[in-house]
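Student: I am attaching a structure below and will ask some questions about it afterwards.
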Amino acid sequence: MAYRIIMIAALLISFAIGNAQAAEDIVAAHPKNVKIEFENTQVRVLRITLGAHEKMDLHEARDGVNIPLRDYLVVHTDSGGNAKQFPRAAGKPEWIPGGERVVESGDKPVEAILVELKAPAAAK
């Protein structure tokens, strides 16, 4: 009986962990806003769209290069509650370090291509 309880508990924990990890991925967490355009073993290319004043809940982002397709402003808030504004200019690529964040758009809609790196992050 105790063995069955332990096995059931282990299955429930692994199920919960698997669901939590899926929810953290930006594509799984925000299918309305994030579409995979291309993916291989090295990179994942995402198309990101947000309406004005739209918010993406806390998610884990990989290191990558963001290529804005229009001018916009976003606010990134990390898991500690620290917020920082980022103005983006159409056609100007920028390095985006990975990490946990909430993303909120400003007065203009967001449209961008994000090229995520799949390799482990370099030591800081």
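Read-outs: derived from the displayed coordinates by stated rules, not from any lab. None of the values given here were measured: they were computed from a predicted structure. All Cβ positions, even for glycine, are placed from backbone atoms using ideal geometry, and neighbour counts span all protein chains on display.
Student: Among all the aspartates and glutamates, which ones have a C-alpha under 16 Å from Lys55's C-alpha, if same-chain residues fewer than 8 places away are not counted?
Tutor: Hits, sequence-local ones excluded: Glu24, Asp25, Asp78, Glu100, Glu104, Asp107, Glu111.
Student: By counting other Cβ atoms within 10 Å of each Cβ, how are Thr77, Thr41 ranked from fewest to most?
Tutor: Result, fewest neighbours first: Thr41, Thr77.
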